[in-house]
Each structure stands twice: as structure tokens, then as C-alpha cells.
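Asker: Can you read through this structure? Questions will come right after.
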Amino acid sequence: MTFMLASVYTTAASDKVGTPDPIAISALQHWAYCPRQCALIHQEQSFADNLHTARGQAVHHLVDQPGEAIKAGVKIERSLPLWSERLGLVGKADLVEIHPDGAILPVEYKHGRKRQARHDDIQLAAQALCLEEMFDRPVPHGAIYHASSHRRREVAIDASLRAAVSEALTAIRTMLASGRLPPPVNDRRCRECSLAELCQPELIAERERFKRALSGLFDPDSEAA
């Protein structure tokens with residue numbers, strides 16, 4: 001039933017005149033990590049796999065099949081569709097815990113060891129905001145489960161994270177409306193990105209340096225100096 005409601009919302013939102021298409025929750029994580037990566041995936045519809053994405057997919061296989069269970073009185077929903085009409089968001093939660101006292105806790109699965117990652121926290125916060133709208137109750141906390149270390153990191157869905165979700169949504173919509181690719185970051189993030197060959201960060205950075213140098217050669221102020 002939940003999946004049907006999510007599908008109805010997605011269709012209805014895109015059918016409304018003047019209503020922009022919903023943004024995928026995953027786009028916020030991609031944007032917070034690297035705006036160009038977000039554009040390549042969600043604007044250019046480009047994607048490629050590497051060791052890191054393969055590991056991530058393997059972890060998500062644990063929760064990719066929709067279903068529910070009850071453990072120690074806690075209802076567990078796997079692969080739960082999410083949406084927010086207010087924010088224009090759609091996606092799914094790897095796992096949602098519904099506790100006996102009514103508390104709701106989204107849990108996002110990530111490969112690797114326990115670590116702090118702002119882009120993951122923003123993705124989790126977006127899930128919490130969707131759940132607040134869907135269930136009409138506050139969701140003040142979430143958790144990231146790190147598969148390699150088998151450890152859970154609790155995350156407070158505070159004002160800072162809520163503001164970051166709003167800022168990312170605005171930035172993504174502005175990017176999509178412009179149709180332009182943001183410049184590459186060309187830093188250590190690129191070494192782990194599966195889209196490095198499509199992005200060509202080093203080549204583009206070198207081209208920009210060459211253009212600036214060439215511009216300086218023909219700058220009248222530069223010649224006068």
C-alpha cells in the first residue's frame with residue numbers, strides 16, 4: 001500500500017502544471033559530496049561502477065527487498081518508499097524502525113567502516129523529513145549502519161542538517177534549470193569516484209589553467225604592466 005501511495009504521488013506531482021519533477025533523495029547525497037557528480041548522474045543520466053559502488057550495491061542487497069518484520073517489539077520496514085510533497089522529494093529508506101512508543105528511526109546502510117560523513121547525514125536527514133510528513137510526527141534522530149565495522153552511528157536530525165537539505169534542494173533545482181555542469185572539484189574525492197573518466201577533472205582543470213594563461217597574454221592591462 002505504501003508503495004502504491006508513493007507511485008501515485010510521483011505521478012501526480014509530475015502531472016501538475018508548473019510543478020517541478022520531484023528530486024531523488026540520493027541526489028542530495030551526491031550534491032553534498034560533489035555537485036558535478038550530482039549533475040552527471042541526475043542531469044546527464046550518466047553512471048559507471050567501480051569497486052566502491054560495487055561494495056555499496058552489495059551492502060544494499062541486504063535491505064533491497066521490500067518487507068517488514070518485528071524484532072524485540074520494534075517493527076522494521078525494509079526498502080520503504082519515501083516522499084515529501086512539501087519539499088518535492090522522492091526515494092526510499094533502506095530500513096525504518098517503528099518503535100513501540102511511536103518513535104520512527106530511518107537507518108541508511110553504507111559500506112566501509114564507521115566514519116563521519118556530512119553528505120551521508122544530509123541524505124539521512126532528507127529521509128527523516130519525508131517520514132515526518134508521511135507519518136505526521138517528529139523524527140529527531142536517524143542512524144547510519146556501516147557494514148564493514150558492523151557498527152551504527154546515531155545522527156541527530158538537527159536544525160543544521162534540516163537547513164542543509166533545503167539548501168541542497170535549491171541548489172540542485174537551480175543546476176537542473178540551468179542545464180550546465182558544475183566545474184570538477186579535482187581533489188582527493190575524485191580518486192574514489194566511479195565517474196572520474198566521464199568527468200575528466202584533471203584534464204578540465206588543466207584546460208582552465210591554459211585558458212587563464214592565454215587570456216593573460218592578451219590582457220591590455222597585463223601588457224601595459
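Asker: Out of all the residues in the range 126-159, which are part of a strand (DSSP E or B) and within 17 Å of the chain's Cα centre (by Cα)?
Answerer: 142, 143, 144, 145, 146, 155
Asker: Could we say that residue 153 is outside the structural domain of residue 28 (by TED's automatic domain parsing), under 22 Å from residue 121 (Cα atoms) and touching a Phe, Trp or Tyr at 6+ places or on another chain (Cβ under 9 Å) here?
Answerer: no
Asker: Name, by its number, the condition in (1) part of a loop (DSSP other than H, G, I, E, B); (2) outside the structural domain of residue 46 (by TED's automatic domain parsing) that does not hold for residue 190.
Answerer: Residue 190 satisfies every listed condition except (1).
Asker: Restricting attention to the range 97-134, which residues are of a type in the set (Asp, Glu) and surrounded by 15 or more Cβ atoms within 10 Å (Cβ to Cβ)?
Answerer: Listed by number, the residues that qualify are 97, 108, 120, 121, 132, 133.
Asker: Return yes when residue 173 is assigned by TED's automatic domain parsing to the domain that holds residue 90, touching a residue at least 60 places away in the same chain (Cβ under 8 Å) and either in contact with a Leu (Cβ under 8 Å, 6 or more places away or on another chain) or of a type outside the set (A, V, I, L, M, F, W, C) (or both) and no when it is not.
Answerer: yes
Asker: If I ask for residues that are assigned to a strand (DSSP E or B) and either under 14 Å from residue 26 (Cα atoms) or among the β-branched types (Val, Ile, Thr) (or both), which ones from the range 85-101 would you list?
Answerer: Matches in the range 85-101: 89, 90, 91, 92, 93, 94, 96, 98.
The values are calculated or read from the model by the stated rules, or taken from the named source; none is laboratory data. All values reported here derive from a predicted model rather than from experimental measurement. Glycine gets a Cβ as well: all are built from the backbone with ideal geometry, and neighbour counts include every protein chain shown.
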